[in-house]
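Below: one structure, written as structure tokens.
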């Protein structure tokens, strides 16, 4: 269902772009969503857009109003310590993140979980920003995180309204070897795509992958989703309850580049049209389980620590205690991510499959 | 039998096998060279090791031991040897179920005489109750187990640390040496580790056995099962069981020399007036467990980027660097000294050869 939507989207975007129209049937912003350019078939499609030079140039730039209010969330998961420490530090030393054109507000989102150094108290805060939870018609005792979500929504939202914060940077860690990762929720959000591009370019040569979680089955109601432009910053590997200096430095750099981008934007810098390679989530893969629901196998050593690396048909994924190997049986190469994330055992997720997709954003100016 | 009597008996039994007196025994350095010489002249004799238990899940989120113990509980054949069958046990099942280190209190700090001897009370933390259960089953009177393996993981880069809490335990030192010499791994080498504390101060699970060894493998995040760490732990346990089997069959293990990392002190994070951590482990120290730390080298970095240096006078060997579970224990790392050790030969008590059949 989603795949076909995407195809329509690609075709329409391509056609629209190629003929230089600024109207797009699926949204106000002209864009192209292109699959992995490494595949031969797609390569032709890709060059169709790239070589004429028209598509990109002929699109008008998208103009946005200035970024006025930015929040930096730490401790959405209380045991992901880079964000916890950075936000606590910035609450005392705001000068490090201050930018003169906007308000930047650091905020600890789940203080009780931070205090106990656990992911959450009652329920995962980063999954409860749906309208139903936020609306407050739940009966009986409200879980702590739902209470907290409503509070956050009233401070930085309300979700979906024009009064919400412009940008929320939500800081996370993972036990997976994902390096610096930007989590993008919306493939049509040119502003955030441009910001990702800027951060990625600034981080080089250090890698900075972009994960697109725009998928009906996999997308979840994140804490940051109350902002107009939400972005998750996920850095790993780091064990839960540990703060590593190298990971902390990477996260700090990402945040500062994000703030620089917004400052430049507010000052009137124009960002040219860009393409951004992202990993689009396809599917969550659970561990093999035995009849009682216990883990029947673990991540195979050759998949461990291989986030973002191609997983080809026939490659091993899991291994049992008796040495039996389960291989990947899909038809296409995929790119696994969140491989062996500690917090996802309870979510029945061993890793997530992604595909490489190229997003395009129009030029951006104030 | 009270705990104290129990522990006296325990000491006495070991001593009967060697030429040591009941005062604190030194194996270290030259200051006790004379006694060392005497000791090295004769082999240490130990009785048959017939009852062996392997604990996993002493901390419920250290997954290698949890996964192995669960597996062996279902399929114990791997733990069978000619002269004995080792028994797997999930030490803290409630913590395992919740995938947390502990429910109320750190189980691996509950094996003090005080806790084990105190009468049960309804307000007891879960782990106090569990500690007494384990002690009853594996550590007391006629149930005293001969050898305890306790399986742990750490978030620190400590490879395969072979941790012992009793300097007197020659048997476990020989077993550690056997592991070190017969199972190679470049990525997870073996290190001999000693928390040298008197038995009365020993609060660890391994306290309850006659001989014991804790396997501490890392790095592995809490709540994560890595195949490489798991297979290394499995290999070491199997190798340890082989050693015991050979010992029981009468094989004599010659004296040897080895290096051992002996705990000196625990170093806390710098903290501000509210008790909050004000500096983190320096990137130059991170992952450098067992690498010599010299005076003047950076150990912490503040959030403002200021480096804090090690101001000790001697080289130490830091361990448990940035262990997740030690933040609450106010330990950023544990410094150790490297001690060269001469260990006497080990053999089975005369007349105690195993008859070759399982009991």
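The values are calculated or read from the model by the stated rules, or taken from the named source; none is laboratory data. These numbers were taken from a predicted model, which means no experiment stands behind them. Backbone-built Cβ (ideal geometry, glycine too); neighbour counts: all protein chains shown.
The table below gives the values:
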{"read-out": "Selection status of residue B:284, assigned to a loop (DSSP other than H, G, I, E, B), free of Cβ contacts under 8 Å to residues at least 24 places away in the same chain, away from chain A (no Cβ under 12 Å) and in contact with a strand residue (DSSP E or B) (Cβ under 8 Å, 6 or more places away or on another chain)", "value": "no"}
{"read-out": "Cβ pairs under 7 Å, 6+ apart, first in the range B:220-239 and more than 8 Å from chain A (Cβ to nearest Cβ), second modelled with pLDDT under 95", "value": "B:232/B:185; B:232/B:188; B:235/B:183; B:236/B:183; B:239/B:182; B:239/B:183"}
{"read-out": "Among the candidates B:181, B:255, residue that is surrounded by fewer than 20 Cβ atoms within 10 Å (Cβ to Cβ), over 19 Å from the mean Cα position of the chain (by Cα) and in the same structural domain as residue B:145 (by TED's automatic domain parsing)", "value": "B:255"}
{"read-out": "Flag for residue A:303 being touching a strand residue (DSSP E or B) at 6+ places or on another chain (Cβ under 7 Å) and part of a loop (DSSP other than H, G, I, E, B)", "value": "yes"}
{"read-out": "Top-ranked residue in the range A:339-352 [being buried (at least 22 other Cβ atoms within 10 Å of the Cβ) and away from chain B (no Cβ under 12 Å); ranked as farthest from the chain's Cα centre (by Cα)]", "value": "A:351"}
{"read-out": "Complete set of residues in the range A:61-93 that are part of a loop (DSSP other than H, G, I, E, B), within 14 Å of chain B (Cβ to nearest Cβ) and either without any contact (Cβ under 8 Å) to a residue 12 or more places away in the chain or under 16 Å from residue A:167 (Cα atoms) (or both)", "value": "A:93"}
{"read-out": "Within the range B:316-330, tally of residues that are within 13 Å of chain A (Cβ to nearest Cβ) and assigned to a loop (DSSP other than H, G, I, E, B)", "value": "7"}
{"read-out": "Filter result for the condition that a residue is surrounded by fewer than 18 Cβ atoms within 10 Å (Cβ to Cβ), without any contact (Cβ under 8 Å) to a residue 24 or more places away in the chain and within 14 Å of another protein chain (Cβ to nearest Cβ), over B:105, B:118, B:77", "value": "B:77"}
{"read-out": "Among the candidates B:134, B:151, residue that is in contact (Cβ under 8 Å) with a residue 60 or more places away in the chain, buried (at least 21 other Cβ atoms within 10 Å of the Cβ) and either at positive phi or part of a helix (DSSP H, G or I) (or both)", "value": "B:134"}
{"read-out": "Evaluation of residue A:299 against (1) without any contact (Cβ under 8 Å) to a residue 24 or more places away in the chain; (2) within 14 Å of chain B (Cβ to nearest Cβ) (one fails), failing number", "value": "(1)"}
{"read-out": "Residues of the range A:289-322 classified as surrounded by 12 or more Cβ atoms within 10 Å (Cβ to Cβ) and in contact with a helix residue (DSSP H, G or I) (Cβ under 8 Å, 6 or more places away or on another chain), total", "value": "8"}
